[in-house]
1. On the basis of being closer than 22 Å to L124 by Cβ, surrounded by 22 or more Cβ atoms within 10 Å (Cβ to Cβ) and of a type in the set (V, I, T), does V17 make the cut?
2. Select, from P40, P31, the only residue that is surrounded by fewer than 15 Cβ atoms within 10 Å (Cβ to Cβ), in contact (Cβ under 8 Å) with a residue 12 or more places away in the chain and out of contact with any Pro (no Cβ under 8 Å at 6 or more places or on another chain).
3. Which of the residues that make up region 1-43 are assigned to a loop (DSSP other than H, G, I, E, B), out of contact with any Asp or Glu (no Cβ under 6 Å at 6 or more places or on another chain), under 17 Å from A106 (Cα atoms) and not small (G, A, S)?
4. Would you mind stating whether W127 is surrounded by 15 or more Cβ atoms within 10 Å (Cβ to Cβ), in contact (Cβ under 8 Å) with a residue 60 or more places away in the chain, within 25 Å of E48 (Cβ to Cβ) and aromatic (F, W, Y)?
5. For the structure I just gave you, tell me whether M1 is in contact with a Leu (Cβ under 7 Å, 6 or more places away or on another chain) and more than 16 Å from I133 (Cβ to Cβ).
6. What number of residues within region 57-100 satisfy the criterion of being without any contact (Cβ under 8 Å) to a residue 12 or more places away in the chain and either outside any strand (DSSP E or B) or buried (at least 21 other Cβ atoms within 10 Å of the Cβ) (or both)?
7. Restricted to region 101-114, and to residues that are in a loop (DSSP other than H, G, I, E, B) and of a type in the set (G, A, S), which residue is surrounded by the most Cβ atoms within 10 Å (Cβ to Cβ)?
8. Which residue pairs have Cβ atoms closer than 6 Å, lie 6 or more positions apart in sequence or on different chains, and pair a first residue in region 137-149 that is modelled with pLDDT under 95 with a second residue that is of a type in the set (K, R) and surrounded by 10 or more Cβ atoms within 10 Å (Cβ to Cβ)?
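The values are calculated or read from the model by the stated rules, or taken from the named source; none is laboratory data. A quick note: this is a predicted structure, and the numbers were derived from the prediction, not measured. Here the Cβ positions follow ideal geometry from the backbone for every residue, glycine too, while neighbour counts run over all protein chains shown.
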Amino acid sequence: MTREYPARPMIGVGVVVFRGDRVLLIKRGKPPRIGQWSLPGGLQELGETVFEAARREVREECAIEIDTRAVIDIVDAITPGEAGRIRFHYTLVEVLAEWKSGEPVAGDDAMDVAWFDPATVGELGMWAETARIIHRGRLMRAADPASGG
């Protein structure tokens with residue numbers, strides 16, 4: 001199925017990866033939101049769990065290994081197109097994770113990758129839902145003593 005003007009929604013996984021007091025972001029290399037800072041992630045593959053998809057996507061986009069912890073939220077990302085048609089429609093399962101190993105390198109769909117102070121990500125001009133999910137992940141992490149937050 002084509003991603004642009006799809007016949008039905010696609011399931012994507014976004015990953016809020018923390019390393020100490022920093023959060024990992026990628027600069028998107030493809031639409032939608034090309035050139036914006038965002039969470040690493042991508043489409044879930046057939047036969048793959050949400051957490052398996054999260055680990056694979058972060059490995060492909062950032063070359064690091066993570067420990068998945070919890071589902072943060074589910075977000076509908078719907079982009080209208082021409083003549084009332086839907087250009088993009090993703091159901092995004094947002095996952096909380098901790099960095100495990102490796103140094104991030106932009107790969108796959110990412111133009112750049114970097115660690116950021118989660119308190120300042122809203123200043124990057126990203127999609128408001130992304131900033132909200134990072135904030136929610138930060139709160140979940142702080143409430144869980146086992147998370148390292």
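1. yes
2. Numbers: P40 fails: surrounded by fewer than 15 Cβ atoms within 10 Å (Cβ to Cβ).
Exactly one residue qualifies, and that residue is P31.
3. P31, R33, I34, Q36, L39
4. Answer is yes for this residue.
5. The answer is no for M1.
6. Count: 4.
7. Kept after step one, since they are in a loop (DSSP other than H, G, I, E, B), are these residues of region 101-114: 102-109.
Now restrict to residues that are of a type in the set (G, A, S): 102, 106-107.
Values: G102: 13, A106: 17, G107: 14.
Only one residue fits best here, namely A106.
8. S147/R141; G149/R141
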